[in-house]
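The values are calculated or read from the model by the stated rules, or taken from the named source; none is laboratory data. Small disclaimer: the values here were computed from a predicted structure and weren't measured. All Cβ positions, even for glycine, are placed from backbone atoms using ideal geometry, and neighbour counts span all protein chains on display.
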Amino acid sequence: MSEAPLKDSARRVQAALDAQGLALKVREFPASTRTSEEAAAAVGCAVAQIAKSLIFRARDSGRPVLIIASGANRVDEKKVATILGEKIERADPEFVRAKTGYAIGGIPPVGHLEPPVTLLDQDLFQLEVIWAAAGTPNAVFQLTPADLKALTGGQVADLRKA
Ligand code: 5CA
């Protein structure tokens with residue numbers, strides 16, 4: 001089966017994956033993968049297997065914070081603040097675009113314009129395979145939690161809101 005070329009944003013994610021030497025492949029779906037629920041439905045996996053990339057702004061330093069959480073979890077911003085030593089706030093779409101180079105709904109865990117401080121939800125590490133966004137609201141790639149750690153260098157922590 002021949003495959004159509006990837007959209008430019010998805011191609012940049014594929015290039016970032018290739019540059020790290022991991023054999024991970026971006027896939028585009030006809031259906032939306034904009035939300036964790038839609039991505040899980042398109043891929044045919046559990047929502048918990050979607051590694052959602054959320055961008056926050058550190059309140060004092062202004063640095064971008066990337067939190068990669070299980071699609072089934074909400075992020076406890078207080079736990080994040082304790083780890084980082086400063087409070088965080090939800091980033092607006094313009095901040096997200098400026099720091100990552102991607103639009104909300106397709107934020108990938110890698111290949112951002114400005115390297116973010118990165119935290120990884122420990123719940124993802126109980127799973128064998130997970131899926132992450134790949135630059136567009138229709139593109140994702142499958143990886144293992146070990147791949148995620150290798151790609152991002154993020155700190156693994158308890159981030160889940162009870
Ligand atoms: N492609 C899917 C599956 S990986 C995806 O990107 N899901 S997501 O959950 O990581 O991205 C959607 C997230 O974007 C939401 O959970 C929400 O945190 C964030 N978001 C949605 N709208 C806004 C907004 N207006 N401002 C800031 N963040 C937003």
*Quick one: Pro137 ticks every box in (1) more than 21 Å from Leu159 (Cα to Cα); (2) in a strand (DSSP E or B) except a single one, so which number is it?*
(2)
*Among the residues of the range 104-123, which ones are more than 19 Å from Glu94 (Cα to Cα) and under 12 Å from the mean Cα position of the chain (by Cα)?*
Thr118, Leu119, Leu120, Asp121
*Among Val65, Val75, which is the only one that is in contact with a Phe, Trp or Tyr (Cβ under 6 Å, 6 or more places away or on another chain) and closer than 23 Å to Lys161 by Cα?*
Val65
*Going by the structure shown, is Ala42 over 15 Å from Pro108 (Cβ atoms) and surrounded by fewer than 18 Cβ atoms within 10 Å (Cβ to Cβ)?*
no
*asked:* On the basis of being near the ligand (Cβ under 9 Å from one of its atoms) and over 20 Å from Arg27 (Cβ atoms), does Val96 make the cut?
replied: yes
*List every residue pair whose Cβ atoms sit under 7 Å apart, with the two residues 6 or more apart in sequence or on different chains, where the first one lies in the range 96-113 and is at positive phi and the second, anywhere, is within 10 Å of the ligand (Cβ to nearest atom) and modelled with pLDDT of 95 or more.*
Gly105/Arg34; Gly105/Pro137
*Quick one: Lys99 ticks every box in (1) touching an Asp or Glu at 6+ places or on another chain (Cβ under 7 Å); (2) assigned to a helix (DSSP H, G or I); (3) under 25 Å from Ala162 (Cα atoms); (4) of a type outside the set (A, V, I, L, M, F, W, C) except a single one, so which number is it?*
(3)
*Given the conditions (1) among the β-branched types (Val, Ile, Thr); (2) under 24 Å from Ala42 (Cα atoms); (3) buried (at least 21 other Cβ atoms within 10 Å of the Cβ); (4) free of Cβ contacts under 8 Å to residues at least 60 places away in the same chain, report the number of the one that Val140 does not fulfil.*
(4)
*When you go through (1) in a loop (DSSP other than H, G, I, E, B); (2) buried (at least 17 other Cβ atoms within 10 Å of the Cβ) one by one for Thr118, which number turns out not to apply?*
(1)
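Mind listing just one residue for me: the one in the range 65-93 that is free of Cβ contacts under 8 Å to residues at least 12 places away in the same chain and either among the hydroxyl-bearing types (Ser, Thr, Tyr) or more than 12 Å from the ligand (Cβ to nearest atom) (or both) and, of those, surrounded by the most Cβ atoms within 10 Å (Cβ to Cβ)? Step through it out loud before you land on a result.
Let us first name the residues in the range 65-93 that are free of Cβ contacts under 8 Å to residues at least 12 places away in the same chain, namely 78, 81-82, 85, 92-93.
Still in the list and also either among the hydroxyl-bearing types (Ser, Thr, Tyr) or more than 12 Å from the ligand (Cβ to nearest atom) (or both): 78, 81-82, 85.
Numbers: Lys78: 11, Ala81: 16, Thr82: 12, Gly85: 9.
Among residues in the range 65-93 that are free of Cβ contacts under 8 Å to residues at least 12 places away in the same chain and either among the hydroxyl-bearing types (Ser, Thr, Tyr) or more than 12 Å from the ligand (Cβ to nearest atom) (or both), the one surrounded by the most Cβ atoms within 10 Å (Cβ to Cβ) is Ala81.
I need a count of the residues in the range 30-58 that are assigned to a loop (DSSP other than H, G, I, E, B), more than 10 Å from the ligand (Cβ to nearest atom) and in contact (Cβ under 8 Å) with a residue 60 or more places away in the chain.
Let us first name the residues in the range 30-58 that are assigned to a loop (DSSP other than H, G, I, E, B), namely 30-35, 44-46.
Narrowing the set further to residues that are more than 10 Å from the ligand (Cβ to nearest atom) leaves 30-31, 44-46.
Checking the rest, the ones that are also in contact (Cβ under 8 Å) with a residue 60 or more places away in the chain come to 30-31, 45.
Adding up the residues that qualify gives 3.
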